[in-house]
Every structure is written in C-alpha cells, then in structure tokens.
Amino acid sequence: MTSDERPDVQAGMDPLGDIVLTVRGDGNGGAPDYELPPAVKLDQASEVLGIAPADGLALAKIDGYPVPVIDLGSEGYRVGTAHLIRHAGLDKVRDVLRVRG
C-alpha cells in the first residue's frame, strides 16, 4: 500500500477459525486485501524493526524493546502486529512476514 492509502485494519477470523488482523484497501489504489497474525515471534518483530535477534532478546529481557512485548515464559516472547505496524509501517510488516494479497 502506498502512503496515501488508508487501509481498514480490523480483527477477524480466518477460514480455520483463527483470529487474524484483516486489512482491506481503501479503494484509492490497487492494493489487495490480506490477513496478518495478531502477534509474531520476537525474531520476526526484530527483523521488522531492524534489530539483530540476539539484541532483540536482550532488550526484551530488560524491558527495553522499542514496542510492547508479551512474555510467554518458557514459550518465549511475542509482539503484537498492530504495534509493529504503528512503529515500522504496514509495508515493512507485510514484507518481513511475506504476506501477499
């Protein structure tokens, strides 16, 4: 999506019943509709933000990560996709997550 487009981002369900963020183009451009996961692994979030994975983990452990982090204990850390969109932009998130419409 280009910077002049205003996509509509909402929560929804995919065909398998999993919660996703649904992104719908605003009609100003040829951007397709697509879905994003509500949260991503810390490594993916770090890639979106241009942080080395090891540095991202170190920052998360000391509460210094640039966006809010969800600590899942032994399962690691997750970052809300909406926070990444606000911080890095929708195009960057789509590119790193390899989401195609």
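The values are calculated or read from the model by the stated rules, or taken from the named source; none is laboratory data. Nothing here was measured: the structure is a model prediction, and the numbers come from that model. Heads up, the Cβs are rebuilt from the backbone with ideal geometry, glycines too, and the neighbour counts pull from every protein chain shown.
Out of all the residues in the range 35-69, which are in a strand (DSSP E or B) and closer than 20 Å to Q10 by Cα? Before you say what the answer is, go through the steps one by one.
Just the residues of the range 35-69 that are in a strand (DSSP E or B), to begin with: 35-36, 39-41.
Across the range 35-69, the qualifying residues are E35, L36, A39, V40.
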Out of curiosity, is G64 small (G, A, S) and more than 19 Å from P38 (Cβ to Cβ)? yes
Scan the range 20-30 residue by residue and report those that are touching a strand residue (DSSP E or B) at 6+ places or on another chain (Cβ under 6 Å) and either at pLDDT below 70 or not hydroxyl-bearing (S, T, Y) (or both). V20, L21, V23, R24
In the range 70-98, anything surrounded by fewer than 16 Cβ atoms within 10 Å (Cβ to Cβ) and either β-branched (V, I, T) or in a strand (DSSP E or B) (or both) is listed as I70, D71
For the range 44-101, enumerate the residues that are in contact with a strand residue (DSSP E or B) (Cβ under 8 Å, 6 or more places away or on another chain) and small (G, A, S). A45, A60, G76, G80, A82, G101
Scan of the range 72-101 for residues that are of a type in the set (S, T, Y) and closer than 19 Å to Y34 by Cα, ordered by number: T81
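From the set of residues in the range 43-84 that are of a type in the set (S, T, N, Q) and under 11 Å from the mean Cα position of the chain (by Cα), which is modelled with the lowest pLDDT?
T81
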Return the pairs, sorted by first residue and then second, in which the second residue is among the hydroxyl-bearing types (S, T, Y), the first residue lies in the range 53-81 and is without any contact (Cβ under 8 Å) to a residue 12 or more places away in the chain, the beta carbons are less than 9 Å apart, and the residues are 6+ apart or on different chains. P53/S46; A54/S46; D55/S46; L59/S46; L59/Y65; K61/Y77; D71/Y77
